[in-house]
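What follows is calculated from the coordinates using simple rules that are stated; it is not laboratory data. Only a predicted model underlies this, so the values are computations on that prediction, with no experimental measurement involved. Note: ideal-geometry Cβ built from the backbone for every residue, glycine included; neighbour counts use all protein chains shown.
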Amino acid sequence: GENIRAVGKESLVELDRQYMWHPMMPYSASQQPMVVAHGEGPYITTEDGNRYLDAMSGLWCVNLGYSQKSLAEAASEQMLEMPYYPLTHTHKPGIRLAEKLNQWLQGSYRIVYSNSGSEANEVSFKIARQYYEQMGEPNRWKIIARYRGYHGNTMGALAATGQFQRKYKYEPLAPGFLHVPPPDCYRCPFGHQAGLCQHECANYYEQVINWEIPETVAAIIIEPVISGGGVFVPPPEYLQRVREICNRYGVLMIVDEVICGFGRSGQPFGHQNYGITPDIVTMAKGITSGYLPLSATAIRDELFDVFRHDSEYAHLRHVNTFGGHPVACAVAIKTLEIMEEEHLVDRAAQLGQQLKTKLTPLANHLHVGDLRHFGLLAGIELVADKETKAPASPEFTAAVIAECKKRGVLIGKNGDTVRNFNNILTLCPPFIITDDELDHIVTVVKESIAKTT
Ligand code: PLP
């Protein structure tokens, strides 16, 4: 460790330039990556001593901030006790976490573990197809997802993703994935003004299911609120309508809670805000507050009945070496215990309400087209022209983000770069921030938009 630490920041950047290939970062000689060295509460500090308030919780995951000693201790204890065993057998951290997840889900679910959100979604697709195969409906293999949704980077999860800037040049991906328009109420895909919603985007599922022949559709996959794609909050009835359509046609409802889960929405899981019961729930990120990789796919117990067979091939023939790693499970249990003891789901709800109230005046700004909120998650859609809703240029958005960073606050962005939209700022702060820190984030975002204008 000392040798590496002794290397100065300059040479670390040089070594990075020589050896590293960063995700989502265009290779440009002028762009220097931040070398992140230290984390404390909601702050990170770089190798050259700059400190930032991280209003994105890393990549939408470090919900408990960067200095939870008890998570490190839980990992250390488990590592000393039993550092690894595959879940082809079983172990206490895996079992206890599965029990806890059932409490958070408020239902009866079977838990399959993996290491990332993408894999959790892959498992859900395999289970949906196998379920119908074993129900005697082998033609049900199609899966309907949404444009602007994000479900991961692997060939199946990316096929489900509806953001074309992430798929372009990697296609063809897994077959059988279809997309419906998102509930984007600001730019309604059906051309309706606010308040005149006719729920076409929810009803569209029914049309697609019929056009495809219902007997060929296995499942839909849906984020409660499209998060990374730009925080698209659906009308309150939307998820229930989609659930009813799924029921009508025997289509399984897979709810992707990778971002919305574990308190982000102000409820334990995002779908609980809408009073629906999913058939399958996928989760990752916040499950360990980002401290270790872990994900889970939860399958409603009734569906599991189809897999209670001794016949060959009837079981889940899916294994991965690290899925449900005991150390990650121990950290996840501790994460959920901390959330329970410190009432952090309620705190996230409260902070989310404050964030909404404090951001509201921004709606009057010349370049702010729309403000969207889901718990402690916000999207700010920037426009060049409020009247025509012409999106702000990618350069404008980038300048706002750079200005926030200059003022010590890290925020995120999303958009549809294929159509040259890259105009949505995102906020996803950790649940452990103080009221003052939340105020500071809002102040910096407001000042940075004003400065850039
Ligand atoms: N699903 C959603 C909703 C996500 O936001 C993400 C990641 O951002 C994923 C799935 C994929 O998770 P991972 O990056 O852990 O594979």
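Per-structure values
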{"item": "Residue exposure sequence - Leu316, Leu178, Leu80 - by fewest surrounding Cβ within 10 Å", "result": "Leu80, Leu316, Leu178"}
{"item": "Loop chymotrypsin sites (Phe, Trp or Tyr not before Pro), region 139-180 (other Cβ atoms within 10 Å of the site Cβ: 13 or fewer; DSSP)", "result": "Tyr168, Tyr170"}
{"item": "Extended-chain gain in nm, criterion 0.36 nm per residue less alpha-carbon gap, Lys405 and Arg96", "result": "107.2 nm"}
{"item": "Estimated FRET transfer efficiency when R0 is 30 angstrom, pair Arg51-Lys356 (beta carbons, to 0.05)", "result": "0.65"}
{"item": "Exposure rule at most 13 other beta-carbon atoms within 10 Å, DSSP loop GluC sites (Glu not before Pro): the chain longest free segment", "result": "1-236"}
{"item": "Within the chain: Cβ-based charge dipole about Cα centre, in debye rounded to nearest 20 (Lys, Arg +1; Asp, Glu -1)", "result": "680 debye"}
{"item": "Reachable lysines from Lys389, criterion Cα separation under 17 angstrom, eight or more residues apart if same chain", "result": "none"}
{"item": "Sequence of His192, His271 once ranked by neighbouring C-beta atoms within 10 Å, starting from the fewest", "result": "His192, His271"}
{"item": "Local net charge near Ala128, Cβ-Cβ under 9 Å (Lys/Arg +1, Asp/Glu -1)", "result": "+2"}
{"item": "Mean ellipticity per residue at 222 nm, deg cm²/dmol - from DSSP H runs of n ≥ 4 across the chain, formula -39500 (n - 2.57)", "result": "-11000 deg cm²/dmol"}
{"item": "Relative exposure of Ser11, Ser116, judged by other C-beta atoms within 10 Å (fewest first)", "result": "Ser11, Ser116"}
{"item": "Leu59-Ala194 FRET efficiency (beta carbon distance; Förster radius 30 Å; 0.05 resolution)", "result": "0.45"}
{"item": "The chain: relative contact order as a whole-number percent, Cα under 8 Å and 6+ apart", "result": "20 percent"}
{"item": "Cut-off under 5 Å, modelled amide H: who pairs with Val383 long-range", "result": "Val368, Gly369, Ala392"}
{"item": "Pairwise centroid distance, computed over Cα atoms, of region 134-151 with region 386-415, Å", "result": "35 Å"}
{"item": "Whole-Å semi-axes of the chain's equivalent ellipsoid (Cα gyration tensor)", "result": "34, 30, 21"}
{"item": "Cross-link table Lys169/Lys413; Lys169/Lys386; Lys167/Lys413; Lys285/Lys386, entries beyond 25 Å C-alpha to C-alpha", "result": "Lys169/Lys386; Lys285/Lys386"}
